[in-house]
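Asks: Let me give you the structure first, and then I'll get to my questions.
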Amino acid sequence: MKFLYLIIFFVVGTLFGSFFTVVGSRLPNNEDFIRGRSHCDNCKHELSFLDMIPIISYIILHGRCRYCKKKISSLSSYMEFFTGALFSLSYYIFGLSYELFISLGIVALLIIISVSDISYFIIPDQVLIFFSGYFIIINCLNNGILYALFSILSGFIMFSVMYLIMLLGNFLFKKESLGGGDIKLMFVAGLVLHPFLCLFVIFFASLLALPISLIILKKKHINLVPFGPFLLISFMFVYFTKIDINMLINFIKNI
């Protein structure tokens, strides 16, 4: 039965992955991602249902538009697959629980913001506001109003910490070191994780981003790298592995 649920979550995840990709690609351009019809980026022909079956349509059409035969971006197919896999992983780790809904929210954030931040260097405020409300409601339903209020306080603490890190970075590097979206994103992370764990999220995300930044700087000669996806990968890693404060303290003591 659990294997069946894993398959169901994967299939549902691919459908959501397609939607998340649309949100991440359209929202920064102020395009309607709900009522707007999907179309080919090359010929602008509206796509039919058969053209938009997650993963399958891309494979059947050999990565080309059915109408103009030009190659289409594989981004959506990759995001559909990763979303499906992460939805299944969420169910495998947390089962049917409140924690499952938290993990699915983190996956949604990761996909949407990865698309928008990598493509446009933008983390849309609308996405952060929506998921802030989403996590607060789940915290309230699962642990009560007091816990929800504490999570909001934790969010403001992490917003302040990230803002101070930005000021320090701006002073040291004499230029903008972090975007406003990254600072607001840590508010959202603070709604889910203890501030001490959020500090680890920032540290681990920086470790992940450093080699990628160096590679991009060497190959493309640009020093602008979206930090949001790294923060969310680190955020997801901490939540999915169930790392707690005691584990971090013991690790630090043993260094």
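Asks: Would you mind checking K174/K218; K2/K70; K219/K253; K219/K242 for any pair whose Cα atoms are more than 29 angstrom apart? Spell out each step's value before the answer.
Replies: Details: K174/K218 21 Å; K2/K70 41 Å; K219/K253 39 Å; K219/K242 36 Å.
Over 29 Å apart, Cα to Cα: K2/K70; K219/K253; K219/K242.
Asks: Residue farthest toward the positive end of the dipole of the chain, with Cβ of Lys/Arg at +1 and Asp/Glu at -1: which of V201, F135, L96?
Replies: Checking the options against the dipole of the chain, the answer is V201.
Asks: Between 0 and 90 degrees, rounded to the nearest ten: what's the tilt of helix 98-120 against the longest Cα principal axis of the chain?
Replies: The angle comes out near 70 degrees.
Asks: Follow-up. Could you state the orientation-averaged shadow area of the convex hull built on the Cα atoms of the chain, in nm² to one decimal?
Replies: On the way: hull surface 65.9 nm².
If you wrap the Cα atoms of the chain in a convex hull and average its projections, you get 16.5 nm².
Asks: For R64, which sequence-distant residues (separation of 5 or more, or a different chain) have an amide H within less than 5 Å of its own amide H, given hydrogens modelled in the peptide plane?
Replies: Counting only residues 5 or more places away or on other chains, the set is I72.
Asks: Jot down the per residue volume, in cubic angstrom and as a whole number, of the convex hull over the alpha-carbon atoms of the range 96-145. Each step should come with its number before you reach the end.
Replies: Numbers: hull volume 2.8 nm³, N = 50.
Spread over its residues, the Cα hull of the range 96-145 gives 56 Å³ apiece.
Asks: Moving on to the next point. Grab every C-alpha pair in the range 187-255, bin the distances at 10 angstrom width from 0 up to the longest one, and report whole percents.
Replies: Distribution as computed: 20, 44, 25, 11, 0 percent.
Asks: On a 0 to 90 degree scale, rounded to 10, what angle separates helix 180-192 from the longest Cα axis of the chain?
Replies: Helix 180-192 and the main axis of the chain meet at about 70 degrees.
Asks: So if I place +1 on the C-beta of Lys and Arg and -1 on the C-beta of Asp and Glu, and nothing else carries charge, what would the dipole magnitude of the range 136-252 be about its Cα centre? I want it in debye, nearest 20. Can you show the working numbers first?
Replies: Numbers: 7 positive and 3 negative charges, 93 e Å.
In debye, rounded to 20, the range 136-252 gives about 440.
Asks: Over the range 124-255, what relative contact order in percent results from Cα pairs under 8 Å that are six or more residues apart?
Replies: Values: 109 pairs, mean separation 29.8, N = 132.
Answer for the range 124-255 is 23 percent.
Asks: For the range 116-185, report the % of Cα-Cα distances exceeding 18 Å.
Replies: Counting pairs separated by more than 18 Å, the tail of P(r) holds 50 percent.
Asks: Moving on to the next point. Expressed in nm to one decimal, what extension gain is obtained for the pair K253 and V11 from 0.36 nm per residue of sequence separation less their Cα-Cα distance?
Replies: Details: separation 242, 0.36 × 242 = 87.12 nm, distance 4.33 nm.
Gain on extension, K253 to V11, equals 82.8 nm.
Asks: Restricting to Cα pairs below 8 Å that are 6+ residues apart, what does the relative contact order work out to for the chain? Please round to a whole percent. Before the final figure, lay out each step's value.
Replies: Working: 288 pairs, mean separation 46.9, N = 255.
Dividing the mean separation by the residue count of the chain yields 18 percent.
Asks: So if I place +1 on the C-beta of Lys and Arg and -1 on the C-beta of Asp and Glu, and nothing else carries charge, what would the dipole magnitude of the chain be about its Cα centre? I want it in debye, nearest 20.
Replies: Working: 18 positive and 12 negative charges, 157 e Å.
The calculation lands at about 760 debye.
Asks: Once both axes come from the Cα atoms, what is the angle between helix 228-240 and the longest principal axis of the chain, in degrees from 0 to 90, rounded to 10?
Replies: Helix 228-240 and the main axis of the chain meet at about 70 degrees.
Asks: May I have the pair-distance distribution P(r) for the range 112-255, computed from all Cα-Cα distances with 5 Å bins from 0 and rounded to whole percent?
Replies: Per 5 Å bin, starting at zero, the Cα-Cα P(r) for the range 112-255 comes out as 2, 10, 16, 22, 21, 14, 9, 5, 1, 0, 0 percent.
Asks: Taking 8 Å as the Cα distance limit and 6 or more residues as the minimum spacing, I'd like the relative contact order of the range 52-171 as a percentage.
Replies: Numbers: 58 pairs, mean separation 16.5, N = 120.
After rounding, I find 14 percent.
Since every read-out is calculated from the coordinates, none of them should be taken as a lab result. Everything numeric here is computed off the predicted structure, so don't read it as measured data. Note that we place each Cβ from the backbone using ideal geometry, even for glycine, and neighbour counts take in every protein chain shown.
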